[in-house]
Every structure is written in C-alpha cells, then in structure tokens.
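In what follows, a structure is listed as structure tokens, so that the remarks can point back to it.
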Amino acid sequence: MKRSIAFVLLALTVTLACIGCGERTYTRQAFMLDTLVRITLYGGDEQTVDACLALIAEAERALSRTDPESEIVQLNAGEIDTVSEETAELIASALDMAALTGGAFDPTVGRLSDLWNFSAVDPLLPEPSAIAEALATVGYEGVHLTGNRVHLDHPGTVLDLGGIAKGEIADRLAAFLQERGVERAILNLGGNVLVMGGTADDPYRVGVQDPGSPAGESLLVLEITQGTVVTSGIYNRGFEAEGKYYHHILDAETGYPAENSLASVTVVGESSRQADALSTACMCLGEEAGMALIESLDGVDAVMITRDGRVLFSSGTEEKYNVTYVREVDGR
C-alpha cells in the first residue's frame, strides 16, 4: 500500500558513499551530455576509466540533437534513413516505452523542444499557434522501424531521444565494465546514477534532492547495492513568463509543460534506460496514473515528491531501500 507523508531532466542531486571500498579508486569527470559526468571505478585501471569517457563521447556523437554529424540530426533532416544497430535498438526501445506509457513518454517531441528552447539564455514563451503547428508533428505511432531503417510518416517530425539517451549510455557503460571485470562502480551522468557491486552490509547511499531547496540539498537517502536511480523534476530547467513558471518537461498531448501536482519523480530499477523514460512519463501522467504505472511493472520502484511537499512511495520502497531523511519530515 502506498503511503504519503508531508515534508527530485532532469535533475537528481546525488550524494553517494560506499563504505569499506578497499580497491584502488579511479575517478574521471567531464562536461558531457550537457551535464557534469563523473565515473568512479573501484578496481580496474586508468585505461578503463578513460575508455568509459570515450564510450560516452561516441554515443553522444551518434545521438546528439545538435551535432550536425550525428545520426539523429541527419535522420531528422532526411539526409539518411538508415542508422546504426545501436541507434536503431534505442529507437525501438523508445517506441516501446511510448506505447507502454500511452504516449506520456514520446520521442517525437523534438520540434516542441526546439520551439520552447529551454537552453536559451532568454527563453521566450511560444505563440499558441506555433505550439499547435509543432504538435501536428508529434506522435510516436508515426515512427516505423524496419531493421535499421527508420520511416517518419510526417516530414516535420523531429526525433528527440534525450529522455532516454543518458539511461541508455549508463547501461552501455555498465555492460562494458562487466566485460572488463570491474565489479564495483558509480556512474553519475548528471541525474542518471547507476551503481554496481554494493552489498547489504556495504550499500551505496543515494540522496534524492529536495525540490524546495537549493541544488545539492537532499531530502532523503536511499540505500542501494546494485541498479539505477533516475530523477526528473520541474526545478532543473525552466523560466518565468507573464507571472508563471514554465518547466522543461513537455506534455506531448498539449504541447505545454506538464501541469499536475508533481515536483519530481525518482525511479529505481535495473535498467537505466527504462528508468529514464519512466521518470519522464510519470511526471506527465501525474501522481495517481504515474504510480499506477509503476505498480504495474516488475522490478521498478518510485519516489514522488509533490509541489505541496508530500512524498509518495511505491509499495515497499521505504523498507526495500532503507529510506532515511536528511531533515525532519512530518515529525520524522
């Protein structure tokens, strides 16, 4: 049974601690994927951690929405209709997640994202007519994948895999490290966190940001031994216009930022790619439909924080991850 208590896109502020890691530690960090990426290996070697950053760079080149040489940019421009096996597999997964969530996660919102342009220095509120025009190009049902060939029914459709790409890259890194024999690692891709090799006596501690506090301040902490923690929140990117705050998580049905009670959704599971898409989808679905979706899936848990300060957990999450609070919450 879900329990609610009063009082994290892409925004998980993470604090991690691994107690008793006796192996030699290798750490690299760099600004990639439009965020600060930090790779920490317990064991392995210098070459392995450097190879992780190279893998991220290679994936970013293929999936970027801004690099003119990327497969996604060329596909959207109609310059190619066939992509690499890895990109085709990710598109297939994105379409599966779109179907699973009833379009709450939709990889065809690229034209809407361009229109809102949340990364601009001074974003402008789009005209309703422009939003309506962009909405006509949105709809995952119009994307067809045959092998590595992609067909878009609407010539104006723009694929945007940003809502699933960091999760995909985290999963690729984990598979790569397993092949290299690295058993313990922390992969922090700016809000998409994947940890490997913890134990019940020696777990990693992942802090979920308090949406109402400055960046870096956690509200609660989850203990996790193996898996991924991904958060989407309204506080990471946005702007004010005409007395209203507009965040970056767009509703593919309305063309506007999702409007519901949620401030953030954190999803915990085995697949970072799945958790990435689910956190976005739940932000658009809202607390009731979003929690119902999580409860319908095996091996997936969620923490939802509402705009009015309530914290919602999927069944058994508090006990499973030994949740503790950084500050007092409703007497706790």
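Quick rundown of the values:
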item	result
Simple Cβ-charge dipole of the stretch 75-216, Lys/Arg +1 and Asp/Glu -1, about Cα centre, in debye nearest 20	300 debye
Positive minus negative residues near GLU85 (Lys, Arg vs Asp, Glu; Cβ under 14 Å)	-3
Total charge dipole magnitude, the stretch 262-332, about the Cα centre, Cβ charges on Lys, Arg, Asp, Glu only, Debye to nearest 20	220 debye
5 angstrom amide H check on VAL150, placed H, neighbours 5+ away	THR82, VAL83
Reduced Cα scattering model of the stretch 107-219, Debye log10 I(q)/I(0), q = 0.12, 0.19, 0.21 Å⁻¹	-0.72, -1.06, -1.12
Whole-percent carbon and sulfur share, accessible surface of the stretch 42-123, 1.4 Å	47 percent
Contact order relative to length of the stretch 35-132, as percent, for alpha carbon pairs under 8 angstrom and 6 or more apart	10 percent
Accessible area in the full protein assembly, largest first, 1.4 Å probe, for ASP210, ASP81	ASP81, ASP210
Whole-angstrom gap from the stretch 124-170 to the stretch 28-42, using each part's C-alpha centre	28 Å
Computed FRET value (nearest 0.05) for GLU240 with ASP34, which takes r as the C-beta separation and R₀ as 22 Å	0.50
Listed residue (LEU112, ALA94, VAL49) projecting farthest to the positive dipole end of the chain, Cβ model	VAL49
Around ILE169: net Lys/Arg minus Asp/Glu count, Cβ-Cβ under 12 Å	-2
The chain - mean residue ellipticity at 222 nm from DSSP helices (-39,500 (n - 2.57) per run, n ≥ 4, rounded to 500)	-9000 deg cm²/dmol
Heavy-atom accessible area per residue - the chain, 1.4 Å, Å²	44 Å²
Viscosity 0.890 mPa s, temperature 25 °C, Stokes-Einstein D of the stretch 267-332 from Kirkwood C-alpha radius, µm²/s	195 µm²/s
Alpha-carbon gyration tensor eigenvalues x 5, square-rooted, for the chain, Å	30, 26, 17
The chain - charge dipole about Cα centre, Lys and Arg +1 at Cβ, Asp and Glu -1, debye rounded to 20	800 debye
Shape box of the stretch 185-332 [Cα atoms, principal axes, largest first, Å]	52, 31, 27
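The values are calculated or read from the model by the stated rules, or taken from the named source; none is laboratory data. This structure is a prediction, so every number in the text was calculated from the model and none was measured. All Cβ positions, even for glycine, are placed from backbone atoms using ideal geometry, and neighbour counts span all protein chains on display. What goes into the accessible areas is simple: the full protein's heavy atoms, side chains included, and nothing from ligands, DNA or RNA. Shrake-Rupley method; radii C 1.70, N 1.55, O 1.52, S 1.80 Å.
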